[in-house]
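Have a look at the structure below, then the notes.
The values are calculated or read from the model by the stated rules, or taken from the named source; none is laboratory data. All figures in this text were calculated on a predicted structure; none of them were measured in a lab. When we count neighbours, we look across all protein chains shown, and the Cβ atoms used for this are built from the backbone with ideal geometry, even at glycine. The accessibility values were calculated without ligands, DNA or RNA, using every heavy atom of the protein model including side chains. Shrake-Rupley method; radii C 1.70, N 1.55, O 1.52, S 1.80 Å.
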Amino acid sequence: MANKKLEDAGEELGISKKDRARIRRQRLKARLFYPVLGAIIVACFTGLGYAAGGSGGGGYPYAGPGLALVTGPEERKGGFKSFIFIVSTTILSAIGFAAAYKAGGHHGGSALYNVFSRRRYSLMAGYQVQCAVWEFTLRCNLRCSHCGSSAGIPRPDELTTKECFKLCEELAELGCEDVCLMGGEPFLREDWLSVAQCIKALGMNLNFVSNGTVMDQYINKIAWLRPKVIGISLDGVEESHEVIRGKGNFKKAVAAIESLRGRGIQTTAITTVSKINFKDLPEMKGLLLKKGVNWQMQVAMPFGNFSKEQMLSKEEFYATALFIAKERTSHRFEDLPLVGADCYGYYSKFLPDGEWKGCRAGISAIGITSDGSVVGCLAMGNDRFIEGSIRDKSLREIWGNPNSFAYNRKFDATKLGPNCRDCKHGAKCKGGCSAMSYTTTERLHNDPYCFRTIEKETGLPR
């Protein structure tokens with residue numbers, strides 16, 4: 001029955017058995033064919049290098065050219081042949097590994113970056129802040145039905161402009177690379193331009209997430225700032241978008257996207273998927289295809305304004321993942337740069353989902369509420385898991401406290417919940433997305449919306 005539900009959900013998104021077969025072939029290419037091809041090329045040409053290396057290289061093709069510098073003419077001749085073969089090996093191996101990378105592999109094919117692409121994290125000594133997501137204000141002109149922040153009215157004691165500047169300086173001191181201003185609606189705060197300028201002046205990348213409804217009056221200032229990327233919420237076709245966000249707001253969001261792209265600003269349409277807009281995805285693809293707009297899909301989670309009854313079933317969730325995989329195999333990434341957020345995963349036997357190494361909250365990502373509270377991730381619930389306030393301690397003190405973000409920094413496999421306890425990937429995965437886990441099961445490291453779990457329950461792959 002579960003399989004039937006999944007197939008029905010897939011059919012609603014236009015996913016056929018032929019599509020599933022193509023997805024499987026793509027996965028096999030990413031994980032097996034291209035890496036093996038690269039290895040064969042290396043082996044073949046290394047062997048030829050041995051054959052051509054002569055005595056000058058002592059039989060070691062990679063040593064040949066170097067050792068030939070201190071030997072006689074014949075040895076140098078053999079060494080030169082070896083050098084030619086080494087260059088050939090390098091070029092052809094690069095082609096094989098590039099093919100693997102294009103198909104979804106990385107470092108020779110360990111499928112780290114494929115359908116569900118994620119940015120690369122490199123930890124410095126201790127824990128390095130790489131991305132700060134800042135709830136700049138809770139003020140908002142909309143009352144969206146899935147808003148986890150229940151935005152609308154500003155918090156009673158939001159950070160002053162001076163405090164915002166100080167926070168920017170502290171983020172820069174910690175080596176933060178990206179700062180994303182969101183809300184609420186960030187452009188409703190009067191000092192948004194000054195704070196945005198401060199972020200840029202301190203050498204950090206500036207990003208925004210907006211509902212797009214008030215952007216027209218600020219578009220020239222935004223273009224002047226040259227942000228790295230701006231995310232605009234686009235939650236379905238017109239009818240669904242306006243059920244979620246209110247009448248008249250769909251065209252404003254589309255106009256904002258077009259205006260940003262017209263000024264050469266990298267733009268991402270962010271779609272939060274629920275039962276309300278689930279069936280809109282194929283039509284949305286038509287709206288965004290070849291428009292030069294990134295498309296990120298994420299799952300509406302049951303906190304804030306959003307009711308659990310409207311959340312996707314596991315089968316619908318998996319069907320949206322199939323949709324992402326289908327479109328990624330059907331179109332060039334440049335034509336439809338579609339990705340799933342970190343709530344999509346993990347360790348699928350069927351989908352090329354990338355290698356998930358656990359929630360980044362408090363590891364390389366940080367969330368900051370509009371009144372200065374510090375959390376690992378705003379999606380876990382803005383007022384949950386607060387590690388401190390920048391009004392009481394410096395951000396460096398909070399981040400550097402060995403007891404901060406203990407749920408991730410001090411994680412071990414004994415902390416896995418019942419959904420993840422018996423999984424062989426549990427120690428590495430850490431139980432999936434912390435936000436999804438907590439909002440659906442009221443505990444961490446226990447994400448039930450997991451590809452591998454769903455495949456086990458439904459009998460996939462088949």
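Summary table below
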read-out: Exposure of ARG226 as accessible area (Å², to 10), given a probe of 1.4 Å and all protein chains; value: 120
read-out: Whole-Å distance, taken between Cα centres, linking the stretch 144-161 and the stretch 234-288; value: 22
read-out: Cβ-defined net charge surrounding THR160, 12 Å radius [Lys, Arg +1; Asp, Glu -1]; value: -2
read-out: Phi to ³J(HN,Hα) by Karplus 6.51 cos²θ - 1.76 cosθ + 1.60 over the stretch 318-332, Hz, x for Gly, Pro; value: 5, 5, 5, 5, 4, 4, 4, 4, 4, 5, 6, 8, 8, 10, 5
read-out: Burial ranking of peptide ranges 298-307, 433-442, 154-163 (average Cβ count within 10 Å, highest at the top); value: 433-442, 298-307, 154-163
read-out: 1.4 Å probe accessible area per residue over the stretch 274-324, in Å²; value: 37
read-out: Probe 1.4 Å, protein heavy atoms only - accessible area per residue of the stretch 354-462 in square angstrom; value: 41
read-out: ³J(HN,Hα) computed for each position of the stretch 393-409 - Karplus, 6.51 cos²θ - 1.76 cosθ + 1.60, integer Hz, glycine/proline x; value: 9, 6, 4, 4, 5, 5, 5, x, 5, x, 9, 6, 6, 4, 4, 9, 5
read-out: Under 18 Å from the Cα of LYS166 - lysines, other chains or at least 8 residues apart; value: LYS200, LYS393
read-out: Solvent-accessible area of ASP422 with every protein chain in place, 1.4 Å probe, in Å² to the nearest 10; value: 150
read-out: The stretch 253-369 - percent relative contact order, Cα under 8 Å, separation 6 or more; value: 23
read-out: The stretch 228-371: radius of gyration over Cα atoms, expressed as a fraction of 2.2 N^0.38 Å; value: 1.08
read-out: In order through the stretch 302-315: 3J(HN,Hα) via Karplus (6.51 cos²θ - 1.76 cosθ + 1.60), integer Hz, x for Gly, Pro; value: x, 8, x, 6, 8, 8, 4, 4, 8, 6, 4, 6, 4, 5
read-out: Residues whose placed amide H lies under 5 Å from that of GLY388, excluding near-sequence neighbours; value: VAL374
read-out: Per residue accessible area of the stretch 175-235, 1.4 Å probe, in Å²; value: 36
read-out: Net charge of Cβ neighbours under 12 Å - reference LEU416; Lys, Arg +1; Asp, Glu -1; value: +3
read-out: Cα convex hull volume per residue for the stretch 291-361 (Å³); value: 129
read-out: Net charge over other residues, Cβ less than 14 angstrom from the Cβ of PHE136 (K, R count +1; D, E count -1); value: -4
read-out: Computed over the stretch 135-196, the ratio Rg/Rh where both radii use C-alpha atoms and Rh is Kirkwood; value: 1.00
read-out: log10 of Debye I(q)/I(0), alpha-carbon scatterers only, for the stretch 182-286 at 0.15 Å⁻¹; value: -0.62
read-out: Packing-based ranking, highest mean first, of 245-257, 399-411 given that Cβ atoms within 10 Å are counted; value: 245-257, 399-411
read-out: Percent accessible area from carbon and sulfur atoms, the stretch 235-372, protein chains only, probe 1.4 Å; value: 47
read-out: Average projected area [Cα convex hull, the stretch 330-401], square nanometres; value: 7.1
read-out: Rg ratio (alpha-carbon, reference 2.2 N^0.38 Å) - the stretch 338-462; value: 1.13
read-out: Per residue convex hull volume, Cα atoms of the stretch 376-445, in Å³; value: 84
read-out: 10 Å-binned pair-distance histogram of the stretch 370-412 (Cα, whole percent); value: 30, 56, 14, 0
read-out: Surface accessible to a 1.4 Å probe, HIS445 within the full protein complex, Å²; value: 10
